[in-house]
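Chemist: First the structure, which I've put down as structure tokens, then a few questions once you've had a look.
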Amino acid sequence: MPIRIFVDQGHNPQGVNAGAEGNGLREQDVTYNVGVILGQLLQNDPRFAVRLSRNSPNQVLGASNATSLRARVNMANTWPANYFISIHCNANPNPAINGSEVYVYQQGTQAYWLAQHILNGVTQQTGTRDNGVRINPSLYVLRRTAMPAVLVELGYLTNASDAEKLRSDQRGFAQGIYNGLLSYFGFAPLS
């Protein structure tokens, strides 16, 4: 039985729940593309089954911030997924702030260990700075999912170096998350 991975591409293309912007990039475009590439990697691996929250670049989920988040969680819970990965990009008023981090609901959980593997995979693959696994029980998608859930902040759109990686190496970010999943499950890469 394949492991069911729900990939949530954070934010809507426009309007409610649109994401951050920086250096000519929109979070919702980067997360959509990285999620599609990650979905392809998982689809090509018989050990996994995958579903995406956004199946087209213009797909809008929900009519408000709250209903957008609820729609994503409901899709994962009703499938039901075994793991939930929400993909995001960060922003900060200080353009020097950079790096990747992964958020989880609490420490010492399967999600926490998964987050560590994914963070290692992303930073090793893309060369972003490792900002660690962070606890944030207030995030709806971490709080309301019925399975281990992680929220991956790929990098900072507002940092020139991270933004260049997010623009030019979206496949690398997806590969990093995939590598982290393989590492977490103790799977060898497909030959």
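Chemist: For region 1-97, which trypsin sites (Lys or Arg not before Pro) pass both filters: DSSP loop (anything but H, G, I, E, B) and at most 14 other C-beta atoms within 10 Å? Please list the in-between numbers first.
Modeler: Values: sites: Arg4, Arg26, Arg47, Arg51, Arg54, Arg70, Arg72; in loops: Arg47, Arg54.
Loop-located and lightly packed - Arg47.
Chemist: Round to the nearest 0.05 the FRET efficiency obtained for Phe185 and Ile97 when R0 = 41 Å and r is the Cβ-Cβ distance. Each step should come with its number before you reach the end.
Modeler: Values: r = 32 Å, r/R0 = 0.78.
The pair Phe185/Ile97 has a calculated efficiency of 0.80.
Chemist: Still on this structure: Taking the Cα-to-Cβ direction at Gln40 and at Thr78 and moving 7 Å from each Cα, how far apart do the two end points lie in nm?
Modeler: 2.9 nm
We did not get these values from a lab; they are worked out from the coordinates using the rules stated. All figures in this text were calculated on a predicted structure; none of them were measured in a lab. Every residue, glycine as well, gets a Cβ built from its backbone with ideal geometry; the counts of neighbours run over all protein chains shown.
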